[in-house]
Amino acid sequence: MKVVVCVKQIPDPAVPGQLDPETGTLRRDDKLILDESDSYGVEMALQLVEAAGGGEVSLVSMAPRAETSGLRTALAMGADAAVLISDDALAGSDALGTAKALGAAIGGLDADLVLAGTESSDGYTGTVPEMVAGVLGLPSVTFAKHIEIADGIAKVQRQTEAGYDQVECALPVVVSVTAGVVEPRYPSFKGIMAAKKKPVDHKDLAGLGLEASAVGADGSRQETVSVTDAPEREAGEIVTDEGDAHNNIVEFLTELKVI
Ligand SMILES: Cc1cc2nc3c(=O)[nH]c(=O)nc-3n(C[C@H](O)[C@H](O)[C@H](O)COP(=O)(O)OP(=O)(O)OC[C@H]3O[C@@H](n4cnc5c(N)ncnc54)[C@H](O)[C@@H]3O)c2cc1C
């Protein structure tokens, strides 16, 4: 079984000041790290291949400056190989442009199953996995909390507010994995050393057969026109109980239409 996992490499969220107020996009000049959201997809892929008794876990990432730090973390967890998509013409890609690039790379990998996070930690449009499925003409199952593969069918527990739905889908399929549903393994020292030698296939636009006009700033059909901070939380109102506090509370809750 061949599982492909989309892994995003993101600016370290612990480092402040990553948002460029001019462009409304994140600065990606420093080292990028594996998005924690995608460590769940990597873990799930490794568990599925282990359960199948064999197979391969490949990673696909689109990132600037041929960045592989985050990919090496996922390879150290146990993934076998990676494809890195990097090209200056991809700068300014919106979610659809990103999906076109990821889809072009995944299309060449003959995957039985494509996994992705439900949403990334930095851009979090939460639309890329479904767009990748659209680009590849594959079905998409979202919010997976558990996956089993048997007889060419993916059996997916889809998390819902009330519990979960059991969905079955013939392979190949794109499944987005909810954060926190598995415990991502820590890379061992042996895994970290082995990851240094694992193959990373570098692809540019020409290598993917994509035109620059379809992706990047030129291909983007949306623009972040402004970025606004959430309003500061206002101080609460202190009511001193002089025997009529219950009236104030009822009045307050009535105003909120809670009662
Ligand atoms: C006008 C515009 C310009 C932008 N310019 C840039 C830019 O120049 N540089 C830039 O980095 N971003 C840019 N972005 C942001 C970029 O479009 C999104 O970050 C990117 O498309 C991924 O979307 P997301 O993070 O919202 O993914 P989500 O849909 O929230 O991610 C869900 C899952 O999809 C997968 N995924 C998402 N992105 C990738 C990826 N790159 N590689 C592998 N897997 C992935 C992961 O599994 C992830 O967990 C721009 C956005 C807009 C709207």
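Bear in mind that the values in this text are calculations on the coordinates, not laboratory data. Since this is a predicted model, take the numbers as computed values, not measurements. Here Cβ is always computed from backbone atoms with ideal geometry, including for glycine, and neighbour counts include all displayed protein chains.
Could you grab me the full set of residues in region 193-225 that are β-branched (Val, Ile, Thr) and surrounded by 15 or more Cβ atoms within 10 Å (Cβ to Cβ)?
Correct list: Val200, Val215.
From (1) among the charged types (D, E, K, R); (2) more than 16 Å from the ligand (Cβ to nearest atom); (3) surrounded by 10 or more Cβ atoms within 10 Å (Cβ to Cβ), pick out the condition that doesn't hold for Glu234.
(3)
Any residue in region 111-119 that is free of Cβ contacts under 8 Å to residues at least 60 places away in the same chain and out of contact with any Leu (no Cβ under 7 Å at 6 or more places or on another chain)?
no
Could you count how many residues in region 144-171 are of a type in the set (S, T, N, Q) and within 22 Å of Lys2 (Cα to Cα)?
The qualifying residues number 1.
Gly134 passes all but one of (1) in contact (Cβ under 8 Å) with a residue 60 or more places away in the chain; (2) surrounded by fewer than 18 Cβ atoms within 10 Å (Cβ to Cβ); which number fails?
(1)
Kindly evaluate Ala81 against the criterion of being over 17 Å from the mean Cα position of the chain (by Cα) and among the hydrophobic types (A, V, I, L, M, F, W, C).
Considered against the rule, which asks whether it is over 17 Å from the mean Cα position of the chain (by Cα) and among the hydrophobic types (A, V, I, L, M, F, W, C), Ala81 comes out as yes.
Of the residues Asp204, Asp241, which single one is within 16 Å of the ligand (Cβ to nearest atom) and of a type outside the set (A, V, I, L, M)?
That would be Asp204, the only listed residue that is within 16 Å of the ligand (Cβ to nearest atom) and of a type outside the set (A, V, I, L, M).
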